[in-house]
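Participant: Here's a structure for you.
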């Protein structure tokens, strides 16, 4: 059977998601704990989206293929349903900075990575010295200058849509940088915190943190709002874009279709994204 696992983690003390030799990672910690809970030598999970060192996850999703008998045999004396018992057992093994929120049998065709239709991130910033809170320092970026939300949203409007985000991504050999950015907007909460909501079908390496860096340069007055569009049209990594610190970024949610669309979406996701012949880099 295939199971879906929804989890959350504080990325501060992890060296990112992906397993690395001799380093503490989210994947490595999760897989080791799963193997222990299921009494297996090893397991391998598939994740919706890898996060970098220091990035947090509130709505991360993985899937795991495992024999039904293995799950049923791991419950011990528990009278709970097998997947409920597995969640409880896992959370008893895992460290406090990694929690399992839900485990369920996945519907037919579900793939944590390829079935996803969007990922939603939030980047949090505080721009007033009196609002800097040492208790939130692990997930909020402290910015030294006041930020103009309207100017940042004006810049963001140039970037939404199907575009080549090469200017905002760390290039990987053979990987496309074409993405559909569904939403990019800034809001200020009643207590003064700035939040950037970023939603796309997928993200390339460093894309969200580069987009935020671009917006902050506009927001504090160093660049005009039109600069974002100018950077986009270059379609090459722009050294003037600052990749902001990882700790302000959180993966909030991953969206999936229902029914037969799960398989169809997985097939579409595996196809390499390209810009249509008449597509422009920005609106």
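The values are calculated or read from the model by the stated rules, or taken from the named source; none is laboratory data. It should be emphasised that the depicted structure is a prediction, and the values quoted were computed from it without experimental measurement. All Cβ positions, glycine included, derive from the backbone under ideal geometry; neighbour counts span all protein chains shown.
Participant: Return yes when residue 262 is within 30 Å of residue 46 (Cα to Cα), touching a helix residue (DSSP H, G or I) at 6+ places or on another chain (Cβ under 7 Å) and either surrounded by 16 or more Cβ atoms within 10 Å (Cβ to Cβ) or modelled with pLDDT under 85 (or both) and no when it is not. Step through it out loud before you land on a result.
Facilitator: Details: within 30 Å of residue 46 (Cα to Cα): yes; touching a helix residue (DSSP H, G or I) at 6+ places or on another chain (Cβ under 7 Å): no; either surrounded by 16 or more Cβ atoms within 10 Å (Cβ to Cβ) or modelled with pLDDT under 85 (or both): yes.
No.
Participant: For the condition in a loop (DSSP other than H, G, I, E, B), touching a residue at least 24 places away in the same chain (Cβ under 8 Å) and closer than 17 Å to residue 197 by Cα, what is the one hit in 145, 139? Full working, then the answer.
Facilitator: Working: 145 fails: closer than 17 Å to residue 197 by Cα.
Step by step, each of 145, 139 is checked, and only 139 is in a loop (DSSP other than H, G, I, E, B), touching a residue at least 24 places away in the same chain (Cβ under 8 Å) and closer than 17 Å to residue 197 by Cα.
Participant: Mind counting the residues in segment 186-227 that are buried (at least 16 other Cβ atoms within 10 Å of the Cβ), touching a strand residue (DSSP E or B) at 6+ places or on another chain (Cβ under 9 Å) and not in a strand (DSSP E or B)?
Facilitator: Looking only at that region, the number is 13.
Participant: Which condition breaks for residue 113 when tested against (1) assigned to a loop (DSSP other than H, G, I, E, B); (2) surrounded by 19 or more Cβ atoms within 10 Å (Cβ to Cβ)?
Facilitator: Every condition holds for residue 113 apart from (2).
Participant: Separate question: Any idea which residue in segment 73-110 is surrounded by the fewest Cβ atoms within 10 Å (Cβ to Cβ), counting only those that are in contact (Cβ under 8 Å) with a residue 60 or more places away in the chain and assigned to a loop (DSSP other than H, G, I, E, B)?
Facilitator: Taking the candidates together, the pick is 108.
Participant: Can you work out which of the residues in segment 19-36 that are farther than 17 Å from residue 2 by Cβ and in contact with a helix residue (DSSP H, G or I) (Cβ under 8 Å, 6 or more places away or on another chain) is surrounded by the most Cβ atoms within 10 Å (Cβ to Cβ)?
Facilitator: Step by step, filter segment 19-36, then rank; the result is 26.
Participant: Take segment 206-256 and flag every residue that is at positive phi and at pLDDT below 90. Step through it out loud before you land on a result.
Facilitator: As a first pass, look at segment 206-256 and keep what is at positive phi: 206, 221, 235.
Within segment 206-256, 235 is the sole residue that qualifies.
Participant: Across segment 217-230, what is the total count of residues that are under 19 Å from residue 170 (Cα atoms) and touching a residue at least 60 places away in the same chain (Cβ under 8 Å)?
Facilitator: Selection size over segment 217-230: 2.
Participant: Could you please let me know if residue 181 is free of Cβ contacts under 8 Å to residues at least 40 places away in the same chain and within 21 Å of residue 55 (Cα to Cα)? Outline the logic, then answer.
Facilitator: Numbers: free of Cβ contacts under 8 Å to residues at least 40 places away in the same chain: yes; within 21 Å of residue 55 (Cα to Cα): yes.
Yes: the conditions hold for residue 181.
Participant: Can you name every residue in segment 231-243 that is within 19 Å of residue 183 (Cα to Cα) and either touching a strand residue (DSSP E or B) at 6+ places or on another chain (Cβ under 7 Å) or free of Cβ contacts under 8 Å to residues at least 40 places away in the same chain (or both)?
Facilitator: If the condition is that a residue be within 19 Å of residue 183 (Cα to Cα) and either touching a strand residue (DSSP E or B) at 6+ places or on another chain (Cβ under 7 Å) or free of Cβ contacts under 8 Å to residues at least 40 places away in the same chain (or both), then 232 is the only one that fits.
Participant: Output the number of the condition that residue 125 fails; it satisfies all remaining conditions of (1) under 21 Å from residue 233 (Cβ atoms); (2) at pLDDT 95 or above.
Facilitator: (1)
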